[in-house]
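Working notes for the structure below.
Laboratory data are not the source of any read-out in this text; all were calculated from the coordinates shown. Treat the numbers as computed from the prediction; the structure is a model and nothing was measured. Methodologically, a virtual Cβ is constructed for each residue, glycine included, from the backbone with ideal geometry; neighbour enumeration extends over all protein chains shown.
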Amino acid sequence: MTGDPTAPTLATFAAMGVRNFDARGAYASLVHQATVQNSEAENDGDCPGQCTEQRPALDTYLTKHYAPQDACHCWGGAAETLENSLADFSLAQWAKRIGQPDGDLAERGT
């Protein structure tokens with residue numbers, strides 16, 4: 001997985017009743033990762049894909065609604081786009097479950 005595998009994983013845990021983690025804190029952190037570009041994630045650091053940060057092509061993904069193959073700082077543009085869409089959809093569903101607004105995550109996840 002190349003984009004943000006934590007979001008669908010934790011959203012699934014929350015939906016299935018797992019309660020031994022800070023669900024609201026995790027949700028807030030993941031929404032931050034899904035909406036704010038981390039400057040360190042833009043640098044490959046001599047890695048062929050993301051090495052230290054989630055969503056390395058977030059700025060481009062938010063602008064173009066996909067991660068282009070030639071400028072994604074990731075393992076592959078198509079894979080990055082699909083995984084980010086899945087993560088966004090998962091976060092939107094999680095937001096509904098905990099009574100939070102989903103911003104544009106639901107739209108981005110379709």
Query raised in the report: Fewest to most neighbouring Cβ within 10 Å: what's the order for Ser85, Ser39?
Result: Ser39, Ser85
Requested in this report: Take Thr81, Thr63, Thr6 and order them by how many other Cβ atoms sit within 10 Å, fewest up front.
Outcome: Thr63, Thr6, Thr81
Query raised in the report: Over the Cα atoms of segment 58-110, what Rg and Dmax result, in angstrom?
Result: 11.9, 38
